[in-house]
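Some notes on the structure that comes next.
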Amino acid sequence: MPPTAVLFDFDGVLADTENVHVVAWQRTLVRLGWEIPDDVAARAGATDDRAFAAELFARRGIEDADVDGWVRKKQELAASMIGLSPRAFPGVAPLVRALAGRARLAIVSTTWRENVDAFLAATGLADAFEHVVAKQDAAELKPAPDGYLAALERLGVAAADAVAVEDSPRGLAAAEAAGVPRVAVGHRLEAGDWSIGATFIPALEPLADALAALGFADRSAS
C-alpha cells in the first residue's frame with residue numbers, strides 16, 4: 001500500500017536555497033564592513049544561524065554582540081529573497097500536485113518558518129501542505145527526530161505509514177530515528193555513504209520515477 005503521508009525536507013529537497021543563505025549572510029554582515037567568503041557563509045547551513053553568528057563575533061573578539069538581532073536581519077533578508085525569486089528544484093510542482101488527494105503532505109525543516117511560507121506562497125503550493133514543522137517548532141534540530149515526531153503527531157499518522165524525502169545525512173538520520181521510511185534525493189549529489197539505507201533517486205523527475213520511489217503509481221501513464 002502507498003504511504004498515508006509524505007514528509008518533505010525543505011532546503012535542498014523542495015527549494016534550491018543554499019546560495020540564498022550565503023548571499024543573505026554576506027549582505028547582512030557587510031553592514032559591519034565584513035567581507036565573508038562564500039565557503040565561510042555556507043557554514044551556517046551546516047550548523048545554525050545563531051551558532052554561526054556567535055562564532056563569527058567570538059572569533060573577532062566582540063563580546064556582548066546582538067547575535068539575535070543580526071540573525072533576524074539576515075533572516076528577514078533571506079525570506080524576502082526567497083519570496084521574490086523562489087527557486088524550486090525541477091519536478092517539485094508536478095510531484096506535489098500529483099500527490100494532492102493521494103497523500104497528506106507536510107514539510108519538516110530546520111529552516112525558519114518564514115522561509116518556507118515565502119516559498120510556498122510564491123510558488124502557489126501552500127494549499128498542498130497541511131503542516132509545516134520548522135526551526136521554531138522543534139526543541140532539537142536534525143539529526144534529532146523531534147521535527148518528524150511533531151509532524152507525525154500533527155497529522156495523526158504512524159511512522160510506518162509515512163515516507164520522508166531528504167537530501168542530507170542529518171535529515172535521513174532524523175527520519176530514521178523517528179522510524180519513518182526514507183527516500184534520498186540527490187539533485188546534485190550521487191548516491192553514496194550518505195544515502196545508505198534509503199531509497200535513492202537522483203532528482204524529483206521524471207514524475208513516474210519519483211512517484212514510484214515514494215510508493216505511488218503514475219496515474220498519468222494509464
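We did not get these values from a lab; they are worked out from the coordinates using the rules stated. Note that the structure is a prediction, hence the values are computed from the model and not measured. Every residue, glycine as well, gets a Cβ built from its backbone with ideal geometry; the counts of neighbours run over all protein chains shown.
With respect to (1) surrounded by fewer than 19 Cβ atoms within 10 Å (Cβ to Cβ); (2) closer than 18 Å to Val30 by Cα, the lone exception for Val67 is condition (1).
The set of residues in region 70-90 being buried (at least 19 other Cβ atoms within 10 Å of the Cβ) and not in a helix (DSSP H, G or I) consists of Pro86, Phe89. Restricting region 32-64 to residues that are surrounded by 14 or more Cβ atoms within 10 Å (Cβ to Cβ) and of a type in the set (Phe, Trp, Tyr) leaves a set whose member that is farthest from the chain's Cα centre (by Cα) is Phe57. The condition of being over 17 Å from Ala5 (Cα atoms), in contact with a strand residue (DSSP E or B) (Cβ under 8 Å, 6 or more places away or on another chain) and surrounded by fewer than 22 Cβ atoms within 10 Å (Cβ to Cβ) holds for only one of Ala203, Ala173, that being Ala203.
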